[in-house]
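Worksheet: the structure to be examined is printed underneath.
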Amino acid sequence: MNQNDSFLNLQTSIILNILSRLPPKTISQCRCVCKTFLSLISTPEFVNLNLSKSPETLLLHHLDSSDWEPKFTVLEFKKGPKKPHQIHSDPLIQFDLRKCIPEAAAGLTMVGSVNGLICLNEFENDRVYICNPTIREYITLPMAELGERVYPSLVAYGFGLGLTSAQYKVIRIFQEKKLPRTYRSEVQIYTIGSGAWRKVVNVPFQGSFRLHGVFLKGNLYWWIDDDGEEGCCSEFISCFDVEEEVFIPFPSPPELRKNDLGCVGVIGDRLCVCDNTSRFEIVVWVMNECGEERLWNKEMVIEKSPILPVGHFYEVVYALKVLDDGEILFAWQENSFFLYNPATKTVKITDISEPNFEAKIYFPSFVSLQKCVTEEIKKFLS
């Protein structure tokens, strides 16, 4: 009996536990070792176990490639002896989408990522892809029939998961312009595996939706650019229940005033709003939930001087990740990253050099699209 046979004679639960703790690159290599490993790694038990241990990483979409190809890189934060968190790239999840998905065109944006699945949208022709770069699978959704993305109409998207049904859904909001900054919006939903878009609800907002929604705990949140009167507004944020497929009332931070430089994000497992309207500081509101009660707390006031640009720099700031030592990673629009330490109230620029990017939190996983019965599942070409 060789060593491989000895390992395979262990209880299945023990084998799954061992395999689930390996890095994504090693697990992918294990899939090629033998049919037994491939079968085990493909089981729902392994997929869920591995996902529960998956590291929280940063997925970068490089927007300024010299050849205009959509390039993606996953960055993982590791503790080091000299730096509390060093950043390195995992080459397993580094890919040029145009080479992997030949039909993909330029102008891709990241809608969102849930459980290792990434939703991408081509801005020009409005095509939508769902892919898992870890196992190199993707599907192309059929074109939506409701409303074209032709100026001055707008289209916003969201990607989420119904917590009860465990169904992945793409939400498309078509916004038809009626008056300056006033829109009539309609929603279509595509449930992965269904094969068709369906219209579900009208939207109870007249403002325009920020391009992509943020998913958290079964809900999608969009920032609303409202054309109401100057001053405080009660509805800067729209909340959509992915399971029930309805918009639900949602409060905004009490002191927040109408502006185009607010942004919804997530800090840890809490919803947040970053407000960059001030010349000298960035205000971060975080939502605390106590039972049914939702309360906004002004948790951080980040002084821009002397590290960040001071003045009227019209850039959106959004929160990305809480690191192990408590520092919080923020992105300054599409230009740079910075870290904020809430304990010392200090700011520092990171050593991530990306002049033009999109960034999303990403959990590498082995969630497969194979259960999709209506879409054609394809493999990355390279």
In degrees, nearest 10, range 0 to 90: what is the angle between the Cα axis of helix 44-53 and the longest Cα principal axis of the chain?
-> 60 degrees
Work the Kirkwood hydrodynamic radius out for region 1-52: mean of 1/r over every pair of different alpha-carbon atoms, inverted, in Å.
-> 11.1 Å
Alpha-carbon Rg with Dmax, taken over the chain, Å | 21.6, 78
Cleavage-rule hits (GluC sites (Glu not before Pro)) in region 138-218: DSSP loop, at most 15 neighbouring Cβ within 10 angstrom | Glu145, Glu148
Amide H proximity to Val246 below 5 Å, modelled H, separation 5+ or other chain, gives Asp241
Classify region 320-382 as rounded, prolate or oblate from the Cα gyration tensor: take a ≥ b ≥ c as the square roots of its eigenvalues, call it rounded if a/c is under 1.5, otherwise prolate when a/b beats b/c and oblate if not.
-> prolate
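Where Lys and Arg each count +1 and Asp and Glu each count -1, what net charge lies around Asn219 among other residues with Cβ under 11 Å from its Cβ?
Summing Lys and Arg as +1 and Asp and Glu as -1 gives -2.
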Kindly provide the helix-only [θ] at 222 nm of the chain, computed as the sum of -39,500 (n - 2.57) over DSSP H runs of four or more divided by all residues, to the nearest 500 deg cm²/dmol?
-> -3000 deg cm²/dmol
Charge tally in the Cβ shell below 15 Å around Asn125, where Lys, Arg are +1 and Asp, Glu are -1, Asn125 excluded = -2
Count the net charge of all other residues whose Cβ sits under 11 Å from the Cβ of Trp285, scoring Lys and Arg as +1 and Asp and Glu as -1.
-> -1
Using +1 on the beta carbon of Lys and Arg, -1 on that of Asp and Glu, and nothing else charged, what's the dipole of the chain about the Cα centre, debye to 20?
-> 980 debye
Report ³J(HN,Hα) in whole Hz for each residue of region 157-166, in order, from the Karplus equation J = 6.51 cos²θ - 1.76 cosθ + 1.60 where θ = phi - 60°; Gly and Pro get x.
-> 10, x, 10, x, 10, x, 6, 8, 7, 6
Built amide H within the under 5 Å cut-off of Arg270, gap 5+ | none
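Taking loop as defined by DSSP and a crowding limit of 14 other beta carbons within 10 Å, which trypsin sites (Lys or Arg not before Pro) in region 4-34 fit?
Hits after loop and neighbour filter: Arg21.
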Kindly identify region 238-382 as rounded, prolate or oblate by the Cα gyration tensor criterion: order the square roots of the eigenvalues as a ≥ b ≥ c, call it rounded if a/c is under 1.5, otherwise compare a/b with b/c, prolate if a/b is larger, else oblate.
-> oblate
Obtain the radius of gyration and the Kirkwood radius of region 233-288 from its C-alpha atoms and give Rg over Rh.
-> 1.00
Report, by chain and number, residues whose modeled amide H sits under 5 Å from the one on Val316, excluding near sequence neighbours (fewer than 5 apart, same chain).
-> Gln333
First compute the accessible area of the chain with a 1.4 Å probe, then give the percent of it belonging to carbon and sulfur atoms.
-> 52 percent
Mind grabbing the accessible area of Lys53 for me, 1.4 Å probe, Å², rounded to tens?
-> 70 Å²
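Write out the trypsin sites (Lys or Arg not before Pro) in region 251-286 meeting two conditions: DSSP loop, and at most 16 other Cβ atoms within 10 Å of their Cβ.
Passing both the DSSP loop test and the Cβ count: Arg279.
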Computed over region 112-246, Cα set: Rg, Dmax in Å | 14.9, 49
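The values are calculated or read from the model by the stated rules, or taken from the named source; none is laboratory data. From a predicted model like this one, the values you see are computed outputs, not experimental measurements. Note: ideal-geometry Cβ built from the backbone for every residue, glycine included; neighbour counts use all protein chains shown. When the accessible area is computed, the model is the full protein with side chains, heavy atoms only, and any ligands, DNA or RNA have been set aside. Shrake-Rupley method; radii C 1.70, N 1.55, O 1.52, S 1.80 Å.
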